[in-house]
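Enquirer: This is the structure I have questions about; it appears just below.
The values are calculated or read from the model by the stated rules, or taken from the named source; none is laboratory data. The shown structure was predicted, so the numbers you read here are calculated from the model rather than taken from an experiment. Note that each Cβ is placed from the backbone with ideal geometry, even for glycine, and that neighbours are counted across all protein chains shown.
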Amino acid sequence: MTPQLKHKLKRRILLFWAALLAVVMLGGPAVAFSPVVPWGADPWETAPTPQSFQKIRGVWLTTNDMTMLRDSARVQSAMAELSQINFNTVYPVVWNSGYALYPSVVAQRAGIPYIHRGLAGQDILADVIHQAHRQGLLAIPWFEFGFMAPPSSELAMAHPDWLTQRQDGSQTSGSAAGEVVWLNPFKPEVQQFIASLIAEIASRYDIDGIQFDDHTALPSDFGYDPYTMALYQQETEQPVPSNPRDPAWMRWRADKITDFVAHLNQTVKQYRPNAIVSVSPNPYDTAYNSFLQDWVDWINRGLVDELLVQVYRWDMNSFTDHILRPEIQMAQTQIPVGIGILTGLRNRPMPMSMIQAKVLRATAQGLGVAFFYYESLWYDAPEPAAERQARFRDLFSVPASRFSLRRQV
């Protein structure tokens with residue numbers, strides 16, 4: 001190694017440790033660099049500076065919020081509340097438990113009865129989008145369950161050949177939603193079904209985007225069904241590894257999911273070229289190693305317009321460790337990035353002091369925030385609603401409208 005190369009390598013190492021020390025000591029946003037650098041270039045000299053994107057202040061509207069969502073008057077009131085407190089985005093659920101939460105022709109053709117309408121017979125999704133837009137909020141429907149479905153759902157019962165399995169032949173796994181089966185993300189029939197649902201939403205509704213979450217994925221111990229194993233052997237000329245965590249087997253399946261995300265991106269853009277393709281995965285180590293979601297690659301390939309990382313932690317130190325991850329800092333140089341913050345569960349409320357601390361920690365890093373879920377913002381909560389609303393108003397005292405994006409969508 002020449003003295004010049006030794007000097008350059010030493011300078012890179014010193015710069016890296018200096019940047020890392022600054023993050024730890026000062027808690028400020030680090031200057032991340034993209035892993036995609038021209039061949040032969042110095043990544044420290046070509047590093048992009050962090051971009052200034054419109055900050056996400058969002059909330060998920062879940063099936064836990066269904067009582068509100070079915071009541072048009074309450075939807076109108078909720079959108080007004082959120083707007084007054086300077087939120088700017090809502091993510092209404094449209095796919096959960098194997099059911100479309102809107103009148104879906106695609107779902108009906110697949111043998112899934114449509115059962116969800118508002119109290120007055122209204123289309124819930126259309127109502128939420130209309131009321132959100134009236135209040136200057138973006139509406140990005142949330143495709144929550146992805147490839148996951150309850151084993152007793154009409155979808156799973158009508159299409160058992162669409163399901164994948166573990167090496168021992170078992171087809172179910174535990175989840176926060178209970179026992180579930182997994183649609184095979186590698187089968188053309190499954191891909192066509194999911195893509196058709198997305199096309200239906202994008203073509204029929206005045207959406208600002210579509211969001212996919214941690215279930216547009218597959219647990220890493222699945223994929224041992226005959227179709228997937230034969231496809232792997234055909235493409236690699238290798239036997240399927242018995243170890244589900246075999247690196248080549250992991251990479252092949254993750255790349256297949258990435259290719260499908262690319263197809264979903266194209267589907268959305270076909271109908272709405274400027275719509276936001278949003279993803280809300282787990283932190284990267286869990287996303288890739290446990291669910292074959294390589295969302296870093298999705299960002300680097302330009303398949304994602306917005307990232308919300310679910311950091312649902314009850315411990316502040318763990319929360320902080322996750323939001324300081326280098327892949328999050330890298331993403332901040334390319335697209336709007338936010339952190340998903342849990343505002344409480346029905347059987348485990350979250351104190352407002354903890355929510356406030358997490359918001360301040362995330363925003364200090366230049367990150368946006370989104371909350372899971374609406375009712376637990378200030379209704380299913382340990383403090384009075386008025387008190388929690390006042391403290392959210394303090395956190396978001398300065399407006400951060402994203403509604404100008406609607407001129408492009």
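Enquirer: In the range 332-360, which residue that is free of Cβ contacts under 8 Å to residues at least 40 places away in the same chain and small (G, A, S) is farthest from D380 (Cα to Cα)?
Expert: Checked the range 332-360; the qualifying residue farthest from D380 (Cα to Cα) is S353.
Enquirer: While we're on this one: Within the range 265-286, track down each residue that is assigned to a helix (DSSP H, G or I), surrounded by 18 or more Cβ atoms within 10 Å (Cβ to Cβ) and in contact with a helix residue (DSSP H, G or I) (Cβ under 6 Å, 6 or more places away or on another chain).
Expert: The answer is T267, V268, Y284.
Enquirer: If a residue must be under 30 Å from T333 (Cα atoms) and in a helix (DSSP H, G or I), how many such residues does the range 366-390 contain?
Expert: Number satisfying all stated conditions: 1.
Enquirer: Among (1) touching a strand residue (DSSP E or B) at 6+ places or on another chain (Cβ under 9 Å); (2) within 30 Å of L377 (Cβ to Cβ), which single condition is D321 missing?
Expert: D321 satisfies all of (1) touching a strand residue (DSSP E or B) at 6+ places or on another chain (Cβ under 9 Å); (2) within 30 Å of L377 (Cβ to Cβ) except (1).
Enquirer: Do you know which of the residues in the range 162-190 that are at pLDDT 95 or above and hydrophobic (A, V, I, L, M, F, W, C) is farthest from F222 (Cα to Cα)?
Expert: Residue satisfying both the conditions and the ranking: V190.
Enquirer: Here's a follow-up. Consider the range 315-365. How many of its residues are under 24 Å from N64 (Cβ atoms) and either more than 21 Å from the chain's Cα centre (by Cα) or outside any helix (DSSP H, G or I) (or both)?
Expert: Number of matching residues: 20.
Enquirer: Further question: So how many residues does the range 244-262 have that are surrounded by fewer than 16 Cβ atoms within 10 Å (Cβ to Cβ), in a helix (DSSP H, G or I), more than 17 Å from the chain's Cα centre (by Cα) and touching a residue at least 12 places away in the same chain (Cβ under 8 Å)?
Expert: Adding up the residues that qualify gives 2.
Enquirer: When the residues of the range 131-174 are narrowed to those that are surrounded by fewer than 15 Cβ atoms within 10 Å (Cβ to Cβ) and under 23 Å from the mean Cα position of the chain (by Cα), which ends up nearest to V90 (Cα to Cα)?
Expert: G174
Enquirer: Can you tell me which residue among V128, V106 is buried (at least 17 other Cβ atoms within 10 Å of the Cβ), in contact with a Leu (Cβ under 6 Å, 6 or more places away or on another chain), in contact (Cβ under 8 Å) with a residue 60 or more places away in the chain and not in a strand (DSSP E or B)?
Expert: V106
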